[in-house]
Amino acid sequence: MPAPHRPTWQSALALATSGERLDEGDAIALFSAPLALLGAAADAACRRLHPEPLRTYVIDRNINYSNICTSGCCFCAFFRPPGHPEGYLLTEDDILAKVAEAVSLGATQILMQGGLHPELTIAWFEEAFRAIKARFPVTVHSLSAPEIVHLARRSDLSLRETLRRLRAAGLDSLPGGGAEILCDEIRSVISPRKCTSEEWFTVVREAHALGMRATATMMFGHIETRAHRVRHLLRVRELQEETGVFTAFIPWTFQPANTALGGRAASPHDYLRTLAVCRLVLDNVANLQASWVTQGAQIGQLSLAFGANDLGSTMIEENVVRAAGVEFRLSADDLAHLIRGAGFTPARRDTYYHLLEVHR
């Protein structure tokens with residue numbers, strides 16, 4: 001019996017360049033391609049999806065309503081266990097003040113995420129979302145899939161009913177947080193008390209059934225292999241084929257400082273290589289977001305030549321990555337400047353990638 005065919009980076013890159021769909025072997029082989037050639041292929045794929053000379057960003061605020069969490073993920077420097085003196089829970093007034101400040105700065109999106117709080121039930125979030133929606137014309141893009149699973153258990157509700165009630169209270173779409181690597185052999189090590197990969201996908205399917213949209217993320221550069229990254233991408237692509245639920249994909253690198261997991265941060269080359277592979281594999285996810293929050297302004301700008309068409313959010317407030325010792329801050333003007341410097345026209349968008357303002 002002849003040996004099975006093993007794709008080379010040359011054959012995989014040829015498929016990607018011609019717009020053919022890549023399988024697992026092809027995608028893994030792509031990681032061995034020269035970075036410049038890989039970036040050029042990803043840039044071409046991006047331009048096929050987005051031929052207009054626009055690259056986008058959104059103004060939003062990431063409100064971490066609490067750092068108290070029972071999950072205890074070993075990659076997280078932000079959480080505090082219940083009873084810890086540094087633990088906090090924002091009041092409704094705190095949250096509304098943060099939203100008001102964000103709106104005054106032009107925010108159209110509010111991202112609320114925290115941990116798996118041991119005491120909060122769905123009623124707390126319903127009240128918070130109703131209060132936000134009653135006062136501000138913003139999109140509530142909030143609560144990761146693990147938070148939804150936790151709330152459903154705490155409130156003795158099904159996932160469908162949990163999402164239905166939250167949506168009725170004002171939740172508009174789901175961020176892709178808590179995905180990490182969607183392979184349970186990895187999750188069982190780095191986040192054993194968080195939802196399984198199948199539960200993550202079930203939450204997104206249920207959100208889709210209710211007419212909601214979502215994003216997907218991937219946190220890489222810890223204990224996973226390239227094969228794990230590719231399996232994660234293929235599972236996201238499969239669900240997108242089934243539902244069309246994802247507006248965007250956001251890969252970002254694990255930040256090891258102050259975490260129990262520790263280790264070394266992924267290099268900018270690894271980030272750009274992985275970003276390019278994401279663009280070439282996820283042929284049915286329209287938007288790929290750069291992670292300047294973890295990579296800084298220069299790599300964020302370079303991402304626009306490696307498959308990304310979006311610089312993400314201004315992140316008026318960001319606490320999780322900052323807790324791991326990484327703090328980059330960019331304003332809307334900064335993001336527009338980076339986009340122009342990359343040879344594109346900057347455009348401000350909303351959560352659903354509808355253009356709100358083109359900066360001619």
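Mean-square fluctuations from a GNM of the chain, with a 10 angstrom spring cutoff on Cα atoms, peak among 231, 205, 48 at 48. Computed from the C-beta positions of residue 105 and residue 160, the FRET efficiency with R₀ = 30 Å rounds to 0.25.
Put a plus charge on the Cβ of each Lys and Arg, a minus charge on the Cβ of each Asp and Glu, and nothing anywhere else: the dipole of the range 1-67 about its Cα centre is then about 140 debye. Overall shape of the range 21-72 was characterised from the C-alpha gyration tensor. The equivalent ellipsoid obtained from it has semi-axes of 34, 22, 10 Å, in decreasing order.
For residue 306, the shell of other residues with beta-carbons less than 13 Å away shows a net charge of +1, using +1 for Lys and Arg and -1 for Asp and Glu. Computed from Cα atoms, the angle from the helix 92-104 axis to the main principal axis of the chain rounds to 50 degrees. Evaluated with a Cβ-only charge set (Lys, Arg +1; Asp, Glu -1), the chain carries a dipole of roughly 360 debye about its Cα centre, given to the nearest 20. Each Lys or Arg adds one and each Asp or Glu takes one away; over the other residues whose Cβ falls under 9 Å from the Cβ of residue 187, this sums to -2.
Tell me whether the range 55-145 comes out rounded, prolate or oblate; compute the Cα gyration tensor, take square roots of the eigenvalues as a ≥ b ≥ c, and use a/c under 1.5 as the rounded threshold. Here the range 55-145 falls in the prolate category. Left without a cysteine partner by the 4.7 Å Cβ rule in the chain: 46, 69, 74, 183, 195, 278. Of all DSSP bridge pairs formed entirely within the range 22-358, close to 15 percent run antiparallel. For residue 71, the shell of other residues with beta-carbons less than 14 Å away shows a net charge of +3, using +1 for Lys and Arg and -1 for Asp and Glu. With 10 Å bins beginning at zero, the pair-distance distribution over Cα atoms of the chain amounts to 5, 25, 35, 25, 8, 1, 0 %. Remark: relative contact order (the range 229-295) = 49 percent; criterion is Cα-Cα distance under 8 angstrom and separation of 6 or more residues. In plain terms, the chain from residue 23 to residue 238 could stretch by 76.2 nm, reckoned as 0.36 nm per residue minus the Cα-Cα distance.
Values quoted throughout were computed directly from the atomic coordinates according to the rules given, and no laboratory measurement underlies them. The structure displayed is predicted, hence computed values, not measured ones. Every residue, glycine among them, receives a Cβ derived from its backbone with ideal geometry; neighbour counts consider all protein chains shown.
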